[in-house]
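Working notes, structure below.
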Amino acid sequence: MDDYRKIKSLATQYAPEFVAVRRHLHENPELSFQEYNTCAYLKEQLMSLGITDIESVAETGLLATINGNKKGKTVLLRSDIDALPIQEQNDIAYASKKEGVMHACGHDAHSASLLLCAKILLELKGDFSGSVKLLFQPAEELSPGGAISVMKEKAYIALGTIPHVGQHVRPDIPVGKVGFRSGKFMASMDELFLTVKGKGGHAAMPEKIIDPVLITSHIIVAAQQLVSRMADPKTPSVLSFGKVIANGAINVIPDEVSIEGTFRTLDEEWRKIALEKLHKLVTTMAEAMGGSCELKINHGYPHLKNDTALTEDLRIYAKDYLGSENVEELDQWMAAEDFAYYTQANPACFYMLGVGNVDKNIESGLHTPTFNIDESALEIGGGLMAWLAIKTLLG
Ligand SMILES: [Zn+2]
Ligand SMILES: [Zn+2]
């Protein structure tokens, strides 16, 4: 089986069915860890394709297996299935029917194209040896994420022997193109919760109070040293605070201020050191000013590193399938993704599927209420995944 044209024509033939699947998922989004109906629907779809080897995983996820004509290697293809707490603003016939919940990260498209890929692989299973595992993973959008549970429950997934391949839609890449990056690709993500305590009182009598608003101001500015002075300039780092609540008044200094933010980087050792340094910096600075600061850290996903050998192979296969002009080299990206857990334990590759189309006004970003995709990307995503899986099993 070394002919991508057969896969392309099957993808074209079957695509309309999976556009309908994607629209069903889009209309019926479910939040992370609550994907019960989505899981049941996906299971129904897999069964209707004739797949019998389907296991439940991570409560609301599925792991299906397609075997080729004889024993051989195994490759795992992963889609995520959850939606986001966003109210959809698209004026489309298949808009979300669920108030305040939306597939704004394209996980509906990932699932539909993985199903299309499954249908193609089933049709070709006489032509390849080995097994393809299809993982429909829940809860990508909410830390601690679903990937960790999958790896705990299916230990062989974390043994480091099975190549893992995932794709994610990107509206800033035109439909028809895909993007790859070898090595470190996406950032680790930690959530920071700071409580700065002082002693509130009348704003006109600063000598009688310890002002947590002023301490907070110093902390926010000083903490940027982490990125500008302490980090190796060659290691990307981001520290952002998006929420600062000082619930006083014009003439009232509050007792405490709360701050929330995120720290992201592309190096696990630096990540650990940076969080320790941040802790020391915020606590000692608050103490020096007469107050105190508590830092709570919700440790999120690690950074995502694409295996160099696997990524280089997949890039070559993708060029065969789409033409070299349609395979882009990507920059590092400071977004986080729980596929990163698989990449820490296995040879893995997470690549980007173009879904943008400026002529059709499809260019809204991921996680926005007007996010949408050019649905012709499903045919490309489903067919390409099948091709990459078969080539990886043969290679
Ligand atoms: Zn997302
Ligand atoms: Zn996503």
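The values are calculated or read from the model by the stated rules, or taken from the named source; none is laboratory data. What you see is a predicted model; the values in this text were computed from it and never measured. Here the Cβ is made from the backbone with ideal geometry for all residues, glycine too, and neighbour counts use every protein chain on show. With ligands, DNA and RNA removed, areas are computed over all heavy atoms of the protein, side chains included. Shrake-Rupley method; radii C 1.70, N 1.55, O 1.52, S 1.80 Å.
For the range 65-127, trypsin sites (Lys or Arg not before Pro) meeting the loop criterion (DSSP other than H, G, I, E, B) and having at most 12 other Cβ atoms within 10 Å: K70, K71, K97.
Residues whose amide H comes within less than 5 Å of that of F350, counting only those at least five positions distant or on another chain, are G166 (H built at 1.01 Å from N in the peptide plane).
Can you give me the % of accessible surface on the range 82-203 that is carbon or sulfur? Probe 1.4 Å, all protein chains present, nothing else counted. Kindly include the intermediate steps, with their values, before the conclusion.
Details: 2130 of 4030 Å².
Looking at the range 82-203 in its full context, I get 53 percent from C and S.
Looking at the range 86-225, the accessible area is 37 square angstrom per residue; that uses a 1.4 Å probe and ignores ligands, DNA and RNA.
The stretch between Q89 and K272, if pulled fully straight at 0.36 nm per residue, gains 61.9 nm over its current Cα-Cα span. Shape descriptor for the range 227-315: Rg over Rh equals 1.13 (Cα atoms; Rh from the Kirkwood inverse mean 1/r). The phi-based Karplus calculation (6.51 cos²θ - 1.76 cosθ + 1.60; θ = phi - 60°) puts the 3J(HN,Hα) values of the range 310-326 at 4, 4, 5, 4, 5, 4, 5, 5, 5, 5, 4, 6, 10, x, 4, 5, 9 Hz, whole numbers, x for Gly and Pro.
Averaging 1/r over each pair of different alpha-carbon atoms in the chain and inverting the result gives 22.5 Å, the Kirkwood hydrodynamic radius.
Surface composition of the range 254-391: carbon plus sulfur atoms hold 48% of the accessible area, using a 1.4 angstrom probe and ignoring ligands, DNA and RNA.
Lysine pairs in the range 194-312 whose alpha-carbon atoms fall under 20 angstrom of each other, counting only those eight or more residues apart or on distinct chains, come to 15.
Here the Karplus curve 6.51 cos²θ - 1.76 cosθ + 1.60, taken at θ = phi - 60°, turns the phi angles of the range 245-250 into couplings of 10, 10, 8, x, 8, 3 Hz, with x standing for Gly and Pro. For the range 77-152, the normalised intensity computed at q = 0.11, 0.12, 0.14, 0.15 Å⁻¹ comes to -0.39, -0.45, -0.59, -0.65 (log10 of I(q)/I(0), Debye sum over alpha carbons, equal scatterers, no solvent).
Taking the alpha-carbon centroid of each part, what is the distance from the range 319-345 to the range 197-252 in angstrom? Each part's Cα centre sits 37 Å from the other's. Charging the Cβ of each Asp and Glu at -1 and of each Lys and Arg at +1, and nothing else, the dipole of the range 1-148 about its Cα centre rounds to 740 debye.
Report the residues of the range 107-151 in range of a label on M47: point 7 Å along Cα→C-beta, backbone N strictly under 11 Å from it. Hits in the range 107-151 for M47 at 11 Å: none.
Each Lys and Arg adds +1 at its Cβ and each Asp and Glu adds -1 at its Cβ; summed about the Cα centre, the chain shows a dipole of about 780 debye. When the chain is described by a simple charge dipole with +1 on each Lys and Arg Cβ and -1 on each Asp and Glu Cβ, the residue from G126, T370, S96 located farthest towards its positive end is G126.
Between the amide H of M102 and those of L84, I86, distances stay under 5 Å, these residues lying 5 or more places away or on another chain, with hydrogens modeled in the peptide plane.
Each principal axis of the Cα atoms in the range 1-86 has its own extent, and those three values, largest first, are 43, 28, 21 angstrom.
Provide the per residue accessible area, probe 1.4 Å, for the range 303-395, rounded to a whole number of square angstrom. Don't skip to the answer; put the middle values down first.
Working: 3260 Å² over 93 residues.
So the range 303-395 comes to 35 Å² accessible per residue, rounded to a whole number.
Taking amide H positions as modeled 1.01 Å from N, with prolines and chain starts lacking one, the residues under 5 Å from V57 and 5 or more places away or on another chain are L62, L63.
Computed over the range 66-199, the alpha-carbon pair-distance distribution with 5 angstrom bins reads 2, 8, 12, 17, 19, 15, 11, 7, 4, 2, 1, 1, 0, 0, 0, each value a whole percent. Within the range 181-196, whose backbone N sits under 15 Å from a point 7 Å along Cα→Cβ of A222? So the set is 195-196.
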